[in-house]
Amino acid sequence: MIYWRLSGFYLFYFASLGALLPYWSLYLESLDFSVTEIGQLVAILMATKIVAPNIWGWIADHTGHRMAIIRTGSLLAAVTFTGVFIGDSFWWLALVMVVFSFFWNAALPQFEATTMNHLGDDLHRYSGIRLWGSIGFIIAVSGLGALLGESGTGLLPMVLMVLFVLIWLSSLTVPESAAGHLPLDQKPLRKVLGQPVVLWLLAVCFLAQASHGPYYAFFSIYMQHYGYPTAVIGQLWALGVLAEIGIFLLTPVLLPRFGARKLLITAAALTTLRWLLTALFADRLAIIIFSQTLHAASFGLYHAVMISLIHSLFVGAHQGRGQALYSSISFGAGGAVGILVSGYLWTDMGPQAMYLVAALTSLGALLVVIFALRKLPAS
């Protein structure tokens, strides 16, 4: 029963991402914001992850009430998102996004820690639970592509509101006991962070997600720029996540067989290839379809390996802050920098430049894994 409760939260949480990431930039474009302004507004969603998860992670690790924090954050995120119905000026939406995302970003890292603690020695089952998030993403992105193509992007805020409420309701079904009871006699967090393997791994997190900046913020607009209709764009997003599900199913076999380091090298190399193809062949649908299947590596494989490594390196009472650091440095700092830089690159040098720089960034992640992470813990 707990399997379905955990899976249900992932389903609704990533369904909201499936509505937000592909279509929020299109919604902002419909409000006549410039590419640079869109980049700034989307970057806020990522930038709050630099601070928010660490605050919530510290509270969770010191109180032990992880699910209570998830429920509170989910509820307040839904409440504060209602601000988008009040006004649509740049500064008002910026304020709403700051407050909303501060609470919204409280949930996922703590839920990841809850799931990993509940699984105990059965960490290989994580991918089987997490794939329901990918299923939720696919349902949302596929359905909304056709719906918004017909009805317009003005419908998006209401759809998101419904999904945020469903996230909160699903959090109520997961008992606090699922998070487990963590020992408090751990070595100080600063000693964990002082390990070179941890520092280099967090550098990989930053670079890998910074390279995704142009994808998360501008892929839909980029495809529209080349004449693709909204429905097709939605299917391209869905294809990427479908490939992600495939790799989640295979990770329990791949990780013990090949090890974390080889899988990270593969993920970073294929990520670099993906952004090169997206930059150079955006007008060729067959190549873009292939590049979208590489989402299996650039996110699916990378994320499954990273979650396992973070769980291995941040043990006991540090697990909440370990997952929070992973979220804040990768999706927070990396995502925000990648999105902001992409907006300026598009404005100054054209849309292709975004993905060429993304390829260089993921290449940097590849080099770090090869030369600085020669040994990784068994996971």
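The values are calculated or read from the model by the stated rules, or taken from the named source; none is laboratory data. Please read these numbers as outputs of a predicted model, since none were measured by experiment. When we count neighbours, we look across all protein chains shown, and the Cβ atoms used for this are built from the backbone with ideal geometry, even at glycine.
Look through LEU340, LEU301, LEU294 and report the one residue that is within 18 Å of LEU376 (Cβ to Cβ) and either among the polar types (S, T, N, Q) or touching a helix residue (DSSP H, G or I) at 6+ places or on another chain (Cβ under 8 Å) (or both).
Just one listed residue meets the conditions, LEU301.
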Can you spot a residue in region 365-378 that is free of Cβ contacts under 8 Å to residues at least 40 places away in the same chain and more than 23 Å from the chain's Cα centre (by Cα)? yes
Just to be sure I understand, how many residues within region 336-367 are farther than 19 Å from TYR216 by Cα and either crowded, with 20+ Cβ neighbours inside 10 Å or touching a Gly at 6+ places or on another chain (Cβ under 6 Å) (or both)? 1
Condition first: free of Cβ contacts under 8 Å to residues at least 12 places away in the same chain and in a loop (DSSP other than H, G, I, E, B). Now tell me which residues in region 87-119 satisfy that. GLY87, SER89
So in region 120-158, with the set limited to residues that are small (Gly, Ala, Ser) and not in a helix (DSSP H, G or I), which one is modelled with the highest pLDDT? GLY152
With region 263-348 as the region, which helices (runs of 4 or more DSSP H) entirely inside it contain at least 3 residues that are of a type in the set (S, T, N, Q)? 285-293
Looking at VAL84, VAL42, which one is assigned to a helix (DSSP H, G or I), under 20 Å from the mean Cα position of the chain (by Cα) and not aromatic (Phe, Trp, Tyr)? VAL42
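Checking the structure you have, find out if any residue of region 348-361 is modelled with pLDDT under 90, within 18 Å of VAL42 (Cβ to Cβ), under 20 Å from the mean Cα position of the chain (by Cα) and not aromatic (Phe, Trp, Tyr).
The answer is no, given that none of the residues of region 348-361 is modelled with pLDDT under 90, within 18 Å of VAL42 (Cβ to Cβ), under 20 Å from the mean Cα position of the chain (by Cα) and not aromatic (Phe, Trp, Tyr).
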Hey, any hits in region 105-115 for a residue that's among the aromatic types (Phe, Trp, Tyr), in contact with a helix residue (DSSP H, G or I) (Cβ under 7 Å, 6 or more places away or on another chain), crowded, with 18+ Cβ neighbours inside 10 Å and closer than 30 Å to LEU250 by Cβ? yes
Using beta carbons and a limit of 7 Å, which pairs, at least six apart or on different chains, have the first residue in region 242-259 and over 17 Å from GLY133 (Cα atoms) and the second one assigned to a loop (DSSP other than H, G, I, E, B) and of a type in the set (Ser, Thr, Tyr)? LEU255/SER379
